[in-house]
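What follows is a short report on a single structure.
Rule-based calculations on the coordinates, nothing more; no lab input. Every value quoted in this text rests on a predicted model; they were computed, and no experiment measured them. Cβ: placed from backbone, ideal geometry, glycine included. Neighbour counts: every protein chain shown.
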Amino acid sequence: MLWVLLFLVAKKDSIKLIGPLLITLLGVGAWLKFRQRMNNRLSKNFNFSEFASKDGAEPTPDVLENLRKLTRNLEVIREHFGNVPIKINSGWRSPAHNAKIGGVKNSQHVKGKAADIVIKGFTPRQIAAELEKLIAAKKISQGGIGVYPNFLHYDIRGKKARW
């Protein structure tokens, strides 16, 4: 129970203070697991593991920063849809993985600026319509919206692109 409470209240800036307490109460193994989870977190509801390239490649610092920007937008989208979890079908792709699956060479996925998403209970068209409203209200970044039969592509490229 204490583990869960400490995990929920921990903020990035307070990890240094919580470390000695967790080590004392729960042991070194629990502390290391806690640090790993916190380092994996991109935002309140999204972890890097949801966006990781399927080939296991390591992202550059620029890609990680782009993913943090993307997840800030996804947090707004999640809240707009009543905090329904957003499933990430495809997030960041290493250049090698992107080429292997036949992705376009200049894909926003390679830059860490795109996610293919599913929101349970909503069709891709419904999601796209709501994203247009959020963009118009300047609540999320302008970018690409691609409607597919089973998912929606959203990216933060900074200019309008639709398909």
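Values as computed for the structure displayed
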| quantity | calculated |
| --- | --- |
| Selection from the range 133-149 of residues that are more than 20 Å from LEU67 (Cβ to Cβ) and surrounded by 14 or more Cβ atoms within 10 Å (Cβ to Cβ) | VAL147 |
| Among residues of the range 85-108, those that are under 12 Å from LYS54 (Cα atoms) and touching a strand residue (DSSP E or B) at 6+ places or on another chain (Cβ under 7 Å), counted | 3 |
| Residues within the range 38-72 that are assigned to a helix (DSSP H, G or I) and not hydrophobic (A, V, I, L, M, F, W, C), tallied | 12 |
| LEU152 under 11 Å from ILE77 (Cα atoms) and in contact with a strand residue (DSSP E or B) (Cβ under 7 Å, 6 or more places away or on another chain) | no |
| Pairs where the first residue, in the range 52-75, is among the small types (Gly, Ala, Ser) and the second is surrounded by fewer than 16 Cβ atoms within 10 Å (Cβ to Cβ), C-beta under 7 Å, 6+ apart | ALA57/ALA96 |
| Some residue of the range 34-47 being crowded, with 18+ Cβ neighbours inside 10 Å, of a type outside the set (Lys, Arg), more than 18 Å from LEU152 (Cα to Cα) and in contact with a Leu (Cβ under 8 Å, 6 or more places away or on another chain) | yes |
